[in-house]
Structure formats: C-alpha cells, structure tokens
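The values are calculated or read from the model by the stated rules, or taken from the named source; none is laboratory data. Because the structure is predicted, anything quoted here is derived from the model rather than measured. Note that we place each Cβ from the backbone using ideal geometry, even for glycine, and neighbour counts take in every protein chain shown.
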Amino acid sequence: MAPLPRLGVGLGYRAPLRADILRHVKDLDFLEVIADAFFREEPMLRALRSMTPCVPHALALSVGSEVRLDYLERVARVVEVTDPPWFTDHLAFTQEGDVPIGHLAPVPHTEESLRVVVDNVRKVMRRIQRPFGLENITMPFYWPGSTLDEATFLQEVVKQTGCLLLLDLENVRVNAENHGRVARDFLDRLPLERVVQVHLAGGVHAEGLHHDTHSAPVSQETWDLLEYLCDVAPPAGVLIERDAGFPPFADLLGEVRHARSILEGAAA
Ligand SMILES: [Fe+2]
C-alpha cells in the first residue's frame, strides 16, 4: 500500500458546530464527516470538501452481521464526493436481519464471527477501493463463549483483510478501566503500524462505570495514550470527537492544538 498522506489533526463535523467550524476551518487540518448525515446533504458535503479534506466515517456498515448493499452504495457515494485518503466504520454490528438495533453492538470474539467480519470487510473493500479503517468500540460486555480476546480478534481482521485501524484511544481507556485491564497492554498487542487514524474524546463516570459520551474534555489518561502511540507509530490523522456538552469553540481548538503538539513532537 502506498503511504497515506499525513492529514494532521482534525475535528468531527457536527451540525451544532457548523458556524464555528466554517469560521475556523483554517485551524483544522481536516474534518471527519459522519457519512450517514450526508446521504441527503450532498451540496453541504461538497461545500465542506471545497474548504478542507474530509474523511467519511460511516455508522452502519454492520460488518459484524451483514453489509446491506443499499447502505454500502450510499457510503460509496459519500466517498466518491469527498475523495478521501481513507474512510472508516466500526467493528460492530448495528443491524440483525431487517432490524436496525440503533447502536453499535460488540461482536462475539469467536472464529465464526471472525469469518463473518472478514467476509464483510472484504465486501466493503471490493466495492469502495480506498483504504478502509475499522474502529474499536467500547465494550459494555464481552460475549460469553468468546474464544479469542479482543486484541487477537482485531489483529486477525487486519491480517486477513488488509484493512486499517481507526484507534479510538478513549474507547481503549474506557474498556481497560471498566474491565480491569491496562490500556497500554492492549495497545502493545495491536498492529499499531496499521493505525491510520485516532479518535480522542472525553466521557463521564457514572454508577461505577466509564461511558464514552463524547461530552467532556479529553482526559489526561487518553492524552497519555496518544503520546505513547505517537512514540511507536504516529498515525496519519488524529481527530477530536465532541457530540454533546459543547464548550466554547476555543476549547476544542485548544484540544486540536494540544494533539498537534504531541503528533509533531513525535515526528521531530
Ligand atoms: Fe470514536
């Protein structure tokens, strides 16, 4: 695979942030756009793309169950319009049969589930011939009967399909803390050279558990994981995700600058 362009540090485009993003687009190296939000908004997508690189992030390819062709075609269209260096979705399932389940559900870590994911990822990559990254999600639970651990499962998907990883470091932290593990041990077991992009976000702690709400500043623990990753394998893109509890935009720009200083520090 040819080396991917190093995009730098961007922000997740969200409608409530639109005016601020447009005003400060020069302070952001790229935008991540939720593909689903633009299926009927092509003019807006074209406008954003004319200003800055846009990386599509899809929500419902559902590689853990079955990729629906109509949805895949819609994602393909967003990729065509944005002409990105890569695009992404989650290692999850969001659909079972004809029933959308409305959120990202973890896949069982079994050989059977691995075959399903590998087949689906290949199907996506055959239709959309761009580098494709899968994001690690938060695991509210691990399926009983799993025969592989999460890191081995991710390694195998990458090895068997040639896909990339979108590494959500907040999700790594949340899973480690909720399940009594060490986040860096998990990172050490991933093929970090295949990480194309990173997600950074902040969540809340409630009723004894961490939740990935994207509603708070990035925590120091998650910044530390970014430094750790950048020392080993600096990713081509780093993204700040904020979906709720929007602070003054200057705070988000501060997080973008902080991420940039870590990324550039690693490159120096
Ligand atoms: Fe994420």
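Structure data summary
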item: Meets criteria (more than 16 Å from the ligand (Cβ to nearest atom) and either of a type in the set (D, E, K, R) or touching a helix residue (DSSP H, G or I) at 6+ places or on another chain (Cβ under 9 Å) (or both)) for Val232; result: yes
item: Filter result (in contact (Cβ under 8 Å) with a residue 12 or more places away in the chain and either out of contact with any Lys or Arg (no Cβ under 8 Å at 6 or more places or on another chain) or β-branched (Val, Ile, Thr) (or both)) within the range 164-178; result: Leu166, Leu167, Asp168, Leu169, Glu170, Asn171, Val172, Arg173, Val174, Glu177, Asn178
item: Any hit, the range 233-254, residues being more than 15 Å from Gly12 (Cα to Cα), in contact with a Leu (Cβ under 7 Å, 6 or more places away or on another chain), among the aliphatic types (A, V, I, L, M) and touching a residue at least 12 places away in the same chain (Cβ under 8 Å); result: yes
item: Which listed residue, of Ala206, Ala233, is farther than 23 Å from Phe132 by Cα and more than 14 Å from the chain's Cα centre (by Cα); result: Ala206
item: Condition met for Leu253 (at pLDDT 95 or above, surrounded by 22 or more Cβ atoms within 10 Å (Cβ to Cβ) and not acidic (Asp, Glu)); result: no
item: Check on Val158, within 16 Å of the ligand (Cβ to nearest atom) and either within 23 Å of Arg6 (Cβ to Cβ) or more than 18 Å from the chain's Cα centre (by Cα) (or both); result: no
item: Options Glu264, Glu221; residue that is assigned to a helix (DSSP H, G or I) and farther than 24 Å from Asn175 by Cβ; result: Glu264
item: Selection count, the range 134-163, where residues are of a type in the set (D, E, K, R) and touching a His at 6+ places or on another chain (Cβ under 7 Å); result: 3
item: Which numbered condition Pro3 fails, given (1) outside any helix (DSSP H, G or I); (2) closer than 26 Å to Leu252 by Cα; (3) not hydrophobic (A, V, I, L, M, F, W, C); result: (2)
item: Some residue of the range 189-208 being part of a helix (DSSP H, G or I) and either within 16 Å of the ligand (Cβ to nearest atom) or β-branched (Val, Ile, Thr) (or both); result: no
item: Residues of the range 237-268 satisfying the condition of being within 21 Å of Leu192 (Cα to Cα) and away from the ligand (no atom under 16 Å from the Cβ); result: Arg260, Ser261, Ile262, Leu263, Glu264, Gly265, Ala266, Ala267, Ala268
item: So Glu80, is it charged (D, E, K, R) and free of Cβ contacts under 8 Å to residues at least 12 places away in the same chain; result: yes
